[in-house]
1. With the convex hull built on the Cα atoms of chain B, state its orientation-averaged projected area in nm².
2. Using a 1.4 Å probe over the heavy atoms of the protein chains, calculate the carbon and sulfur portion of the accessible area of the protein assembly as shown as a whole percent.
3. How many angstrom lie between the C-alpha centres of the stretch A:209-252 and the stretch A:29-65?
4. Using the heavy atoms of the protein chains alone and a 1.4 angstrom probe, what is the accessible area of the stretch B:5-207 per residue in square angstrom?
5. Looking at B:379, B:398, B:338, which one has the Cα that reaches farthest to the positive end of the dipole of the stretch B:293-406 (charges on Cβ: Lys, Arg +1; Asp, Glu -1)?
6. Counting only heavy atoms of the protein chains, get the accessible area per residue of chain A (1.4 Å probe) and round it to a whole Å² value.
7. Tell me which GluC sites (Glu not before Pro) from the stretch B:1-83 have a DSSP coil assignment and no more than 13 other beta carbons within 10 Å of their own.
8. Can you compute 3J(HN,Hα) from phi for each residue in the stretch B:335-347, using the Karplus curve 6.51 cos²θ - 1.76 cosθ + 1.60 with θ = phi - 60°, rounded to whole Hz and x for Gly and Pro?
Amino acid sequence: MINRALAPDLQAIDEITLQHPEQLTFANGLKVFIFPAEEQELIKAEFVFRNVFEGSENPVANVALGNLLKEGTSKHSSAKIAEEIDYYGAYLVPEYSFDHNALTLYTLGKHLPSVLPMMHEVLTDAIFPERELNTYVRNNKQSLQISMEKSDFLARRKFYHELFPETRYGISLTQQSLDSLDRDRVMALYQKQIQPSNAYLFLSGKVTAADLALFRQYFEAQWLNQIAIDGASFPILPSFEPGLSLINKTEALQSAIRIGKRSIQRAHPDYPALQFVNTILGGYFGSRLMSNIREEKGYTYSIGSAIANLNHAGFFTIATEVGVEYTENTLTEIKKEMDTLQQELVSEQELELVRNYMLGSMLGSLESVFSHVDKFKSVYFSGLTLDYYAYYTDVIKTIDAEQVRNIAQQYLGYEEMAKIIVGKQG
Amino acid sequence: MISFEKFVLDNGLKVLVHEDPLSPMACVNILYDVGARDEQEDKTGFAHLFEHLMFSGSLHIPSYDQALQRVGGENNAFTSNDITNYYITLPANNLETAFWLESDRMLSLAFHEQGLEVQRSVVIEEFKQRYLNQPYGDVWLKLRPMAYKVHPYRWATIGKEIRHIEEATLADVKAFFAKYYVPSNAIMVVAGNVELEQVKALANKWFGDIPSGEKPLRALPAEPQQQEERRESCYANVPVDSLYMAFHTVDRLHPDYQVADLITDVLSRGSSSRLYRSLVKEQHLFSEVNAYMMGSIDSNLLIVEGKPSEGVSLAEGEQAIWKELERMKNELLSDYELNKVKNKIESTMVFAELSILDKAMNLAYYELLGDAHSYNQEVNRYQQVQTADIQRVAQDIFRKENSSSLFYHKQETLSHD
């Protein structure tokens, strides 16, 4: 008979081996990073553009820019562009983030020659037809109306505004700002932002020499810089005042809660240690917040915390939705967990558990070549190299209970946090 | 193409092994052949509540999660109307821990009142978060019972109402476990950096002595053919009207399933699709519109849903959708358009093979449907569909007397001055 009470021996978790890209710079200044992989007949080509802000920090035009890229060129209509991409089973996906606009092509390798010309056209010759802009504005105003009925959306929006008031990270879309969009503004932004000197191309998958030659043909020889961009602009962040904000919703069954503050960025030497402490607090299913507030008290379906890195700031956040009758108790319990981290030493057992969980999770995050690209981008846009991950692993493996407490004391004081409640205070 | 080997333990547990030596990880996916369709009408939401209890400790292991996280693993699970599926990913050299954990909870849970009480509360909060405290969150609570009158698909996985979850007892839990959580009712897939012989040895060691139990027989009432058009309106505190249309169509194993699926692709997959082009981009009648299959194992629903633009009534929206549906019935689509949606299927299937977890889940699901090999033939089944099939099946599906339409109105604030 096997002894089921006895766990199988723990085997040491391997460290990750990361793929270093081949780096090129095209003659037009486009920086290219190639991650070859043989397994699948797929190619992913991701163009990333730094967001350009001029005059205003309001991101409404930057958000619109990415969404409208595919909506018409001087040669082809929105319908024709969509048709060409869909026909070859490809995906052309715009993505907006606080610091970047990206346009990503996913395609089977065999169809690359068929879809690449359209991608080139979209990046070099978009015209943003008035009619398409109007459709975009109308539809987004409607979906914004719906989002504004969602408590977690309101809480997140308020949270960003508390942390980063009138900056690109703190200003949200509104009906008014959508209405204010006009074609000239989007076009002007396009001409500045979507050009090779402001772009990065991450190319991954089964990229052959012939494929690379195609990219050179379209995105080196046939893509010129138009307008010089003034030096990068920075958001100016005012000093931060912690406090409680309540948005009352009388009919709510649950309160959405957000708690957090501005924090350090990835390039800061404490970043991996803070990630470790965050994991203990709310970064995985077995975290203290989950164990206490979900698994012991049953106040919520889910609660979690995270630290996030932006180009010009970082932040820490806790998010949950709890039954309105548990709002007050949830805040009390969150405070208790944060205080405990600052006052008491973590047990060896919990340290080992979190350490292994994070190492395993790092290993598991490298699912395909596409994940190697993501790992690279994270450090690259923080001004770091892949060596960061060796440092990260070293910190995770060696951090001790004293250091955990120090980090908690330094970065995770409950009183220093913004607290947002959407729903009822309880 | 996913390669795999299969063996069956003496107690009836089916095991499939997919070796992928390029991954440093392994994953263990266990599918239990039980879902919300197996619940009693007065105890709905139970299969899903039970899934939560599977994490509250088993006979020899007080904390499932901790034991897994300690070896660098992660896990989750989901319940649908058809199945309950549990999965672990962990560093491959710690594979045995997954076998230890999964076999112990298949052998027996540690039933205790406190665990049940907490999970009842967690699931009630999930009910509120997903279904009650969201705009349009209750759509499925309304639409399912319109479309299904007899089949247990008439309730959602979360359950009909919170009361059913509140009333669940420990006796219910024990009975459910004894009936459904037996080796002969499970399919295990082990994928990643593993070897067949290693998995055989581990499976025998950890699962071999679990009593077989009896595979429960399923005898669900078939949903009778719908004879009359069904229409309902509801009013809620939402900012925008919304329209939902449900059409009955074939079960998952019917040869026309792929045809119906391609019909939804022609209608709404990608920004070149018909509904999006015509209703959103050209006529500006909708801000969003979508068509999709529920993908159920038993008799399916094909759903068309959309939110009309400001100033467009639900009635006008409905009419515009019907015009497109009539076009599917009356005009043969071109080979070009059919090839387009087939090409999308082909590339999507290749993308689905990037992750060992996706591969493991797909193998388990197709094995449940009858044979995991059929996963590898799925692309062919789509390739064989002809334009005439599309028209034939569209004519069968898009009939008023086969439809249930829910008109979800925003509540007008009263102002009659």
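1. 22.2
2. It is 49 percent, rounded to a whole number.
3. Rounded to whole Å, the Cα centres lie 9 Å apart.
4. 32
5. B:338
6. 40
7. Answer in residue order: B:41.
8. 4, 4, 5, 5, 4, 4, 6, 5, 4, 5, 4, 4, 5
The values are calculated or read from the model by the stated rules, or taken from the named source; none is laboratory data. These numbers were taken from a predicted model, which means no experiment stands behind them. Using ideal geometry, Cβ is built from the backbone for each residue, glycine included, and neighbour counts are taken over all protein chains shown. All accessible areas refer to the heavy atoms of the entire protein, side chains included, with ligands and DNA or RNA removed. Shrake-Rupley method; radii C 1.70, N 1.55, O 1.52, S 1.80 Å.
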